[in-house]
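Notes follow once the structure below has been shown.
The values are calculated or read from the model by the stated rules, or taken from the named source; none is laboratory data. As the structure is a computational prediction, the values presented were derived from the model and not from experiment. Ideal geometry is used to build each Cβ from the backbone, glycine not excepted, and the neighbour counts take in all protein chains shown. The accessibility values were calculated without ligands, DNA or RNA, using every heavy atom of the protein model including side chains. Shrake-Rupley method; radii C 1.70, N 1.55, O 1.52, S 1.80 Å.
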Amino acid sequence: MSSAAANSRTAVGVTRHGARKPLTSVPVVTGGLLQVWHERNRDTTLPHGIAMLEEYGNLENLRRLTGESDAGFRGLLFIDSDIYKTLEAAAWELGREDDQGLRAFFDTTVDLIERAQQEDGYLDSAYLHRDGHQPWTDFAQGHELYCLGHLIQAAIGAHRAIGDDRLLAVAESFVDHVVNRMGADDAVEYCGHPLIETALVELHRTTGAAAPLQLAEAFVRRRGAGFLGGVLFGAVYYQDEKPALEATTMRGHAVRALYLNQGITDLYLETRQPEMLDAMLTQWDDLVRRRMYVTGGTGARHEDESFGEAFELPPDRAYAETCAGVALFGWAWRMYLATGRADILDVAETALYNLVAAGISTAGDMFTYVNPLQVRDERPYGGKAPDARRRWFSCACCPPNLMRTFAALEQHIAAEREDGLDIALYASATVTALGATVEIDTAYPADGLVRIRVSGDAADGRRRLALRVPGWAAGATVTLHRNGTLADSAVEDGWILLEDALVDGTSLELQLPVTLSVVHPDPRIDAVRGTVALRRGPVVYCAVGDVDDVTIDAATHAQESTDARGPLGPRLELTAQRRTLPAGATLYAADSALELEDALLHLRPFAEFDGGEAMRVWLPTAR
Ligand code: FUB
Ligand code: ZN
């Protein structure tokens, strides 16, 4: 038996030759967590979301434009984007399996959009035929290009998943309008909320047209000129205080910052301009070393939904918007494609299995907007208990963003490398690439065993199979059989490299040590100094119930409880101590006055916290 121990990885000295390529054929999910999420998305979340688009007036706003409704405009300026995100999700789901209800929504809504679009290509229900709202008059807060970005992404989803190009025609006509209006060399415009950049690059990839790519680059390079005027929140909020490629920190509104970086990284992938990757690597380091929660949450501050200072990561006042988790996952995937770095995928899966997964209830019809790492018994934010999930929001950016993310997750399982194939995220799926078929079978992340079988031979000698070893997985082993023989393997920079493995008859077992580990925070995060978090593989756990005053011994081992086991892992129990002040004492007392009592903590994946009780990720340790 050949065994490869996973060891340290190098996050520095990254080669520029490590770039990866997305697969040309999308993997087919065959079971496991992604299947659970796909089914939930199709059967529950999307039907619920479609009902909400009626209830909250999104679709009625479009009918107002076609004359089918005389209702007044309802909602925030970017309300059309909820429709586009839902359409994108519906397209990916329909690509997997037809569904009458989804198909009817898709067809009628696309038809409505086609009829609502103006002769000149423009389309935005928040601006058309509304007194006091003229198109292209408010680039800072107006969101018109942001909405177009989501329209483009829906159109690309429909084109790729179901070969339906009606939305693509709408999107291209709107893009032509924008190119004509703001594509000239001396034009100055860009959007206060990035997203259009990454969408335009993807449009260029899809159609081959040059203008969208040039416009995306212009939007990135113009940023920092102060054009947005710092309206309402100041220039930093919009990442507009300096040129995007000169910035060294993550700052301002988190979702905006992360989408902007998705766009820049996409531009790098298409144009290979080194200064773009340099800027992204610098900002990536700033994010993961100084401004990211252990759950993959980003944007610590409620104030302006923004990044805080370095190490300003309070667990109870964490904003950590669900959309920021979606945006981080997307940026991380692009950074991996640009660099081939395994450690970047660790961040992608941290965001996915914790922050993104937490954004939605297990049943699939309730959502979070903010994702604190601690909720006290008394509720920290006052009357409205935002720690509990809700069925929708007046600012509903997060729920449909989750729908489109869950609908397209299988696109992140594997990627081509120069000499073969990477398995990037572990999921039960059939991957077809380079002429070979790779079947993966696993209950990851609940369990660390991954079984892989190859049939067919990879073409052009590209026979290396690379398996990602997460940073927490020291001691990972692989047993590789190739047509009856055992073969050698090596570990390099977080990848187990299996030579000549992409050939007919290869079978192997990767065992990742998915066990509970204790995570200590950087001491500079004052808000959680003296605490630890518990993580099982990539899944962060939280303690729920009566947890406001507990203390644990960091060396104590948690036991699996007899409770049901969810797709992210088992429920756990841990012995702890409760430390309370004597009755009648004020907030402060001598250590000797504290009363100690044994307690049993109930732990579950952070993503499975459904609100309604106290919760904490960071657990104070005994002195
Ligand atoms: O502005 C559109 C979306 O609304 C942002 O991405 C979210 O942060 C929320 O403010
Ligand atoms: Zn959101």
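Assorted remarks:
- Applying both filters, DSSP loop and at most 12 other Cβ atoms within 10 Å, to the GluC sites (Glu not before Pro) of the stretch 389-493 gives 418.
- Extension gain for residue 504-residue 74 works out to 149.0 nm (0.36 nm per residue, less the C-alpha to C-alpha distance).
- Ellipticity estimate at 222 nm from DSSP helix runs (n ≥ 4, -39,500 (n - 2.57)) divided over the chain, nearest 500: -10000 deg cm²/dmol
- Contour excess over end-to-end distance, with Cα ends at residue 166 and residue 460 and 0.36 nm allotted per residue: 102.1 nm
- Every Cα-Cα pair in the stretch 40-163 was counted, and those over 21 Å apart are 37% of them.
- Under the combined filter of DSSP loop state and at most 14 neighbouring Cβ atoms within 10 Å, the stretch 498-598 retains these trypsin sites (Lys or Arg not before Pro): 524, 529, 565.
- Near the amide H of residue 424, within less than 5 Å, lie the amide hydrogens of 414, 415, all on another chain or at least 5 residues away, with H placed in the peptide plane.
- Look at the alpha carbon pairs under 8 Å that are at least 6 residues apart: their mean separation over the length of the chain gives a relative contact order of 16 percent.
- Residue 517 paired with residue 316, simple spin-label distance in nm, labels 7 Å along Cα-to-beta-carbon: 3.0
- Phi to ³J(HN,Hα) by Karplus 6.51 cos²θ - 1.76 cosθ + 1.60 over the stretch 473-479, Hz, x for Gly, Pro: 9, 4, x, 4, 10, 10, 10
- Computed over protein heavy atoms with a 1.4 Å probe, the carbon and sulfur contribution to the accessible area of the chain reaches 48%.
- Estimated FRET transfer efficiency when R0 is 30 angstrom, pair residue 524-residue 137 (beta carbons, to 0.05): 0.10
- Average projection area in nm² (convex hull over Cα atoms of the stretch 516-620, one quarter of hull surface): 7.8
- For residue 306, the residues whose modelled amide H falls within less than 5 Å of its own, excluding neighbours fewer than 5 places apart on the same chain, are 254, 301.
- Extension gain (nm, one decimal) between residue 586 and residue 561, 0.36 nm per residue minus Cα-Cα: 5.4 nm
- Over the chain, the reciprocal of the mean inverse Cα-Cα separation, the Kirkwood hydrodynamic radius, stands at 25.3 Å.
- Vicinal HN-Hα couplings computed from phi for the stretch 426-439 (Karplus, 6.51 cos²θ - 1.76 cosθ + 1.60; Hz; Gly/Pro x): 7, 7, 6, 6, 9, 10, 10, 7, 6, x, 10, 10, 10, 9
- When both the stretch 482-549 and the stretch 43-61 are represented by their alpha-carbon centers, they are found 38 Å apart.
- In loop segments of the stretch 236-310 as defined by DSSP, the GluC sites (Glu not before Pro) with at most 12 further C-beta atoms inside 10 Å of their C-beta are 309.
- Pairwise FRET efficiency - residue 111 versus residue 214, Cβ, R0 = 22 Å, nearest 0.05: 0.10
- The magnitude of the dipole of the chain, with charges of +1 and -1 set on the Cβ of Lys/Arg and Asp/Glu and taken from the Cα centre, is near 900 debye.
- Debye equation applied to the C-alpha atoms of the stretch 458-506, log10 I(q)/I(0) at 0.15, 0.17, 0.26 Å⁻¹: -0.41, -0.51, -0.99
- Rounded to whole Hz, the Karplus (6.51, -1.76, 1.60) HN-Hα couplings of the stretch 300-306, x for glycine and proline: 6, 8, 5, 4, 6, 6, 10
- Once the 1.4 Å probe is applied to the protein heavy atoms, the stretch 405-477 comes out at 30 Å² accessible per residue.
- Computed over the alpha-carbon atoms, the stretch 414-511 gives an Rg to Rh ratio of 0.92, Rh here being the Kirkwood radius from the mean inverse distance.
- Alpha-carbon centroids, the stretch 570-612 and the stretch 160-193: separation in whole Å: 54
- Spacing of the two label points (7 Å from each Cα toward its C-beta) at residue 176 and residue 622, in nm: 7.3
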